[in-house]
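The values are calculated or read from the model by the stated rules, or taken from the named source; none is laboratory data. Note that this is a predicted model, so its numbers are computed, not measured. Counting neighbours? That spans all protein chains shown, and the Cβs are built from the backbone with ideal geometry, glycine included. Surface areas here come from the heavy atoms of the whole protein model, side chains and all, with no ligands, DNA or RNA. Shrake-Rupley method; radii C 1.70, N 1.55, O 1.52, S 1.80 Å.
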Amino acid sequence: MADQLIIFDTTLRDGEQSPGASMTRDEKLRIARQLERLKVDVIEAGFAASSNGDFECVKAIANTIKDSTVCSLARANDRDIARAAEALVGAKRSRIHTFIATSALHMEKKLRMSPDQVFEQAKLSVRFARNLCADIEFSPEDGYRSDPDFLCRVLEAVINEGATTLNIPDTVGYAVPELYGEFIRSLRERVPNSDKAIWSVHCHNDLGMAVANSLAGVKIGGARQVECTINGLGERAGNCSLEEIVMAVKTRRDYFGLDVNIDATQIVPASRMVSQTTGFVVQPNKAVVGANAFAHASGIHQDGVLKARDTYEIMRAEDVGWAANKIVLGKLSGRNAFKARLQELGIEMESEADINTAFARFKDLADRKSEIFDEDIIALASDESVTREQEHYRLVSLRQHSETGERPQASVVFAAGGVEHSAESDGNGPVDASLKAIESQVGSGAELVLYSVNAITSGSTESQGEVTVRLQHGGRVVNGVGADPDIVVASAKAYLAALNKLHSKAERVAAQG
Ligand code: KIV
Ligand code: ZN
């Protein structure tokens with residue numbers, strides 16, 4: 001029988017650390033349910049001690065998810081670990097993931113601790129955690145750049161204290177595949193009790209090698225857990241992509257000889273959900289989940305694929321969930337069909353009143369757009385005017401005028417804390433005029449650092465435009481996403497959504513990795 005490769009998803013923790021990717025409790029719950037449908041083995045739901053908001057997210061996910069283990073990150077101290085355990089109380093299966101840096105650089109410059117102090121702290125933390133939870137993961141942060149002798153000493157000690165998984169992070173994405181694989185192998189060979197724990201890899205993508213390094217850690221090093229995120233989400237160049245790891249192991253089972261639990265048909269829906277929720281757009285040529293991943297443009301390829309699919313295809317689009325991209329509803333669909341589709345997509349509304357609001361918005365959209373796809377519904381459900389989350393600012397109406405040779409003008413009406421404001425401005429284009437109008441009233445002072453527009457469903461100008469706006473202010477970076485068939489309206493919605501995030505001053509202590 002083939003070995004099992006454990007898929008540990010950290011989209012909601014390490015992925016969320018990406019500036020602008022922060023998610024609300026409801027958004028995280030929705031993604032956690034999708035991860036459960038995807039059948040990931042472990043969901044790292046957050047870092048419970050970092051803020052009350054994160055604590056509530058981990059708790060809500062722990063109380064909801066039944067089929068995956070729910071994990072919280074914790075620094076190697078009693079307070080963090082106790083807080084993680086408290087958040088995980090309701091979980092059917094829980095894990096505490098505790099970490100402390102072990103590289104000379106991090107110990108000296110960041111922790112200001114001696115190696116002996118770090119050694120003791122690691123041991124005591126795992127001992128403390130093990131009394132609260134049976135499933136304990138330990139990570140030596142910046143493990144790949146740590147002194148191997150010291151690392152072996154720490155790893156042996158934490159296994160003796162009851163750590164069940166040892167994760168070796170390449171925190172800064174410095175590794176190359178062969179060396180990282182050999183590094184894991186040599187640690188496993190040198191740590192005397194290494195067979196008492198599962199070994200795990202956690203690679204960042206700074207040199208574009210996170211997936212290759214992780215696979216080398218599995219193949220050469222013998223790791224049996226991979227830590228990854230949907231779409232490779234994560235700070236800087238991101239984490240290892242879940243979809244690439246899973247499809248590499250499945251497609252090249254002849255080489256890796258490993259099984260994964262994952263239901264691959266849920267990959268594309270998960271990718272879309274994460275992208276639409278965070279505003280981090282998936283590049284078209286991204287493996288597995290990019291819009292072009294299965295598009296054969298050249299005549300020679302098309303001819304070959306038509307004759308026999310495997311001439312140019314090593315995976316089938318429908319096996320990773322592309323077939324799910326179908327027209328689901330139209331303007332004649334009733335409330336029950338709409339509600340059923342929400343449920344199938346894992347979207348839960350707080351109340352019947354919220355479903356009514358979403359249904360009214362759906363009807364409005366269906367009047368303007370003949371075909372409604374799953375992505376349209378996900379975008380509609382994430383819209384703050386439907387979820388009423390963090391909704392301090394809300395678009396009421398927008399009028400704009402643009403004409404060749406004239407400077408565009410926009411008039412925007414929006415609500416702030418329930419009070420309506422009207423604003424007008426001109427601008428270089430209608431989007432610029434609309435955002436300037438809003439800013440003239442709000443006076444946020446935020447810097448616009450990213451603006452992007454995408455068609456939610458490809459292939460037609462009838463598609464909804466999905467706009468991402470990234471704002472930076474006072475050391476915080478937030479993304480706002482807005483969707484509408486009119487991209488000027490979508491832009492105003494995205495801008496207000498980003499302002500809402502800036503307005504909710506959720507203080508967070510960022511994890512170190
Ligand atoms: O990259 C890293 O070192 C981390 C750890 C906290 C596991 O994310
Ligand atoms: Zn990390």
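Being over 30 Å from the mean Cα position of the chain (by Cα), free of Cβ contacts under 8 Å to residues at least 24 places away in the same chain and more than 18 Å from Cys71 (Cβ to Cβ) is not true of Arg127. Across segment 425-449, the qualifying residues are those that are among the aliphatic types (A, V, I, L, M) and surrounded by fewer than 18 Cβ atoms within 10 Å (Cβ to Cβ), and the one among them that is nearest to the chain's Cα centre (by Cα) is Val449. Mind checking whether some residue in segment 163-179 is more than 30 Å from Gly208 (Cβ to Cβ), in contact with a Phe, Trp or Tyr (Cβ under 8 Å, 6 or more places away or on another chain) and of a type outside the set (D, E, K, R)? Yes; the residues of segment 163-179 include at least one that is more than 30 Å from Gly208 (Cβ to Cβ), in contact with a Phe, Trp or Tyr (Cβ under 8 Å, 6 or more places away or on another chain) and of a type outside the set (D, E, K, R).
Where strands (runs of 3 or more DSSP E) fall wholly inside segment 13-117, the ranges with 2 or more residues that are out of contact with any Lys or Arg (no Cβ under 9 Å at 6 or more places or on another chain) and touching a residue at least 24 places away in the same chain (Cβ under 8 Å) are 94-101. Here is the figure for segment 224-235: residues that are within 15 Å of ligand 2 (Cβ to nearest atom) and farther than 18 Å from Ser275 by Cβ total 3.
Against the conditions (1) under 22 Å from Ile6 (Cα atoms); (2) more than 16 Å from ligand 1 (Cβ to nearest atom), Asn131 satisfies every one except (1). Count of segment 140-184 residues, restricted to those that are open to solvent by less than 30 Å² (accessible area, probe 1.4 Å) and under 24 Å from Lys109 (Cβ atoms), is 21.
Taken over segment 178-212, the criterion of being outside any helix (DSSP H, G or I), within 15 Å of ligand 1 (Cβ to nearest atom) and either basic (Lys, Arg) or in contact with a Cys (Cβ under 9 Å, 6 or more places away or on another chain) (or both) is satisfied by Val201, His202, Cys203, His204, Asn205, Met209.
Somewhere in segment 143-153, is a residue in a helix (DSSP H, G or I), touching a residue at least 24 places away in the same chain (Cβ under 8 Å) and acidic (Asp, Glu)? Checked against the condition, which is being in a helix (DSSP H, G or I), touching a residue at least 24 places away in the same chain (Cβ under 8 Å) and acidic (Asp, Glu), segment 143-153 yields no hits at all. Assess whether Ala175 counts as being farther than 30 Å from Gln343 by Cα, within 13 Å of ligand 1 (Cβ to nearest atom) and in a loop (DSSP other than H, G, I, E, B). Yes; evaluated as a whole, the condition is true for this residue.
Tell me which residues, restricted to segment 130-150, are under 30 Å from the mean Cα position of the chain (by Cα) and not small (Gly, Ala, Ser). Residues satisfying the conditions are Arg130, Leu132, Cys133, Asp135, Ile136, Glu137, Phe138, Pro140, Glu141, Asp142, Tyr144, Arg145.
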